[in-house]
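Taking it in order: structure first as structure tokens, then the write-up.
The values are calculated or read from the model by the stated rules, or taken from the named source; none is laboratory data. Please read these numbers as outputs of a predicted model, since none were measured by experiment. Here Cβ is always computed from backbone atoms with ideal geometry, including for glycine, and neighbour counts include all displayed protein chains. Only protein heavy atoms, including side chains, enter the accessible area calculation; ligands, DNA and RNA are left aside. Shrake-Rupley method; radii C 1.70, N 1.55, O 1.52, S 1.80 Å.
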Amino acid sequence: RSELSGQAPTGWRGTTGHSDDGGDAAHPGCALEGRAQLTPSPTPRVDMVSEKEAAKQAKKAAQAAKKAERMAKKAAKLAAEGVTDGMGKLSTGAEEEHRRVVTGVLSSRPTSRDLKIDGFSMSISGYNFIEECSIELTIGRRYGLLGQNGCGKTNFLQCLANKEVPIPEHVDLYHLHEEAEKEDRTALQAVIDPIKDEIKRLEELETQIMETEGPDDERLTAIYERLDELDPTTFEARAAQLLYGLGFGKLMSMDRKTKDMSGGWRMRVALARALFAAPTLLLLDEPTNHLDLESCVWLEEYLKTYPKCLVVISHSQDFLNGVCTHIIWLTRNKLTYYTGNYDTFCKTVADDEIVQQKKYEKEQADIKH
């Protein structure tokens, strides 16, 4: 399967330092004529640094300070994408969320499942990753999120998942970004149990809407459809089907506890949990990682009919071609939207470049005349 090429950014580490070596001044003893010889007291040690050396050191210190400032800015950008720095440390999700600043205004109807947020910007540690654009996510569309490594794709999904932008409460979402926890629960239980909590949340939301807005609120229709979709009587059968598609039952038992699984198998459990939840907004960050070819093909076939809204990050061209109906390109600090899969996106961008080139050549020709 072909892969999108991209070179991950590397961390920087800057260290500066210098030492001053001062020499001891040697003073020979004074010999006096006569029978006695006196030994003079030793001259005190003095560290001598010439003016030229001091000026050189001051210049080096100023250059080091400027370099450190540049390194700090670059390190902040890298840390935003979870890239290790020169000390081998990895920034945690909590630290990223603390540094991330997000703005945006909900412009779609508060009761709608389609989402539009205007004036969206996202910065991390003072660096602007996305500036003054719109988020537009529509039910029935499957978006592939593209952009160079380090441009802010992962943080964009995280800010959506944490609802750091004004996403209405009735819009349920699921963000796949890490493997399932090591627990005493089996793979089957790890997939089913979180959905029980979701059913309880929906029932409480239904009661709240009925009390405050009445039975004619359009959000109730979506809640009732969701409750029917999460039918508890079919929990085990549907969860087992998803786990089987991701390789369980063939190479790994569904009854094995997650604490006894490797990270790769726990990632499959987390993916099955996300698919089982089938939320209004499904956010997947590199879902094909840790999957063999057979499981990748199964996942592609499953997602290409996902009826709600999907946003996925993937480096696989084939996967994006098979799943996506639209592309979001994060470039030049903006979110740009394209209709079609990855191949269609590439053709559209190439055609736009040709048009821009012809326009530039015409302008240059007009200037000459």
For this session: Among the numbered conditions (1) of a type outside the set (Asp, Glu); (2) under 28 Å from the mean Cα position of the chain (by Cα); (3) farther than 27 Å from GLU301 by Cα, tell me where LEU220 comes up short.
Result: (2)
Seminar exercise, completed: Requiring at least 2 residues that are of a type outside the set (Asp, Glu) and over 18 Å from the mean Cα position of the chain (by Cα), the strands (runs of 3 or more DSSP E) wholly within region 257-366 are 334-339
Seminar exercise, completed: Of the candidates ILE209, ILE195, the one satisfying the condition of being β-branched (Val, Ile, Thr) and touching a residue at least 60 places away in the same chain (Cβ under 8 Å) is ILE195
Exercise. Looking at TYR302, is it touching a residue at least 40 places away in the same chain (Cβ under 8 Å), aromatic (Phe, Trp, Tyr) and surrounded by 13 or more Cβ atoms within 10 Å (Cβ to Cβ)?
Worked result: yes
Seminar exercise, completed: Inside region 228-248, the number of residues satisfying the requirement of being open to solvent by 40 Å² or more (accessible area, probe 1.4 Å) and not small (Gly, Ala, Ser) is 10
Seminar exercise, completed: Residues of region 274-288 being open to solvent by 20 Å² or more (accessible area, probe 1.4 Å) and under 15 Å from HIS175 (Cβ atoms), in sequence order, are ASP285, GLU286
Problem set entry | Residue match in region 167-186 (condition: touching a Leu at 6+ places or on another chain (Cβ under 7 Å), assigned to a helix (DSSP H, G or I), modelled with pLDDT of 90 or more and aliphatic (A, V, I, L, M)) | no
Exercise. Scanning for something in contact with a strand residue (DSSP E or B) (Cβ under 6 Å, 6 or more places away or on another chain), open to solvent by less than 50 Å² (accessible area, probe 1.4 Å) and among the aromatic types (Phe, Trp, Tyr), does region 136-156 turn up at least one residue?
Worked result: yes
Seminar exercise, completed: Within region 105-128, restricting to residues that are open to solvent by 30 Å² or more (accessible area, probe 1.4 Å) and among the β-branched types (Val, Ile, Thr), the one that is farthest from GLY152 (Cα to Cα) is THR111
